[in-house]
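In what follows, a single structure is set out as structure tokens and then discussed.
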Amino acid sequence: MEKKTISVEILNEKYVLHTDAGEEDVLNVVNIVNEKLTELSNKKKVHSKDKLAVWAALDLAGELYQLRQDYDKLLKLAKER
């Protein structure tokens, strides 16, 4: 697939992404990141973008970790049948 350029905005800053992912998928991911950053900014009262980025990375990695654990359990159950 050929890479395309997509302009997005995260926390009111513009980013130009070069990706082979579909535009709709990219925009959905950007929306998740924006929501997480905004939620953490309000919840933790942190306004440093560096610290917000680390908190968001930790939260999203935690969610991914849990999803992988759940997936592995489901896969194991499916193989046992």
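Structure summary
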read-out: Accessible area of the chain divided out per residue, in Å², using a probe of 1.4 angstrom; value: 83 Å²
read-out: Cut-off 14 Å between beta-carbons: net charge of the residues surrounding residue 34, Lys and Arg +1, Asp and Glu -1; value: -2
read-out: Positive-pole candidate from 33, 48, 8, dipole of the chain, charges at beta carbon; value: 48
read-out: Residue-count net charge about residue 65 - beta-carbon cut-off 12 Å; Lys, Arg +1, Asp, Glu -1; value: -3
read-out: Which labelled figure in (1) 29, 22, 8; (2) 19, 13, 12; (3) 35, 13, 13 is semi-axes √(5λ) of the Cα gyration tensor in Å, once derived from the coordinates; value: (1)
read-out: Net charge dipole size for the chain [Lys, Arg +1 and Asp, Glu -1 on Cβ; Debye, nearest 20]; value: 400 debye
read-out: Between region 63-81 and region 1-44, the Cα center-to-center distance that results, in Å; value: 28 Å
read-out: Percent carbon-and-sulfur accessible area, the chain, ignoring ligands, DNA and RNA, probe 1.4 Å; value: 56 percent
read-out: Net charge, residue 4 excluded, C-beta distance under 15 Å - Lys, Arg +1, Asp, Glu -1; value: -4
read-out: Rounded tilt (10° steps) of 49-80 against the dominant C-alpha axis of the chain; value: 20 degrees
read-out: Using alpha-carbon coordinates, inclination of helix 23-44 to the longest axis of the chain, degrees; value: 80 degrees
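The values are calculated or read from the model by the stated rules, or taken from the named source; none is laboratory data. Everything numeric in this text was worked out from a predicted model, so none of it was measured. Cβ: placed from backbone, ideal geometry, glycine included. Neighbour counts: every protein chain shown. We work out accessible area using only protein heavy atoms, side chains counted, and drop any ligands, DNA or RNA first. Shrake-Rupley method; radii C 1.70, N 1.55, O 1.52, S 1.80 Å.
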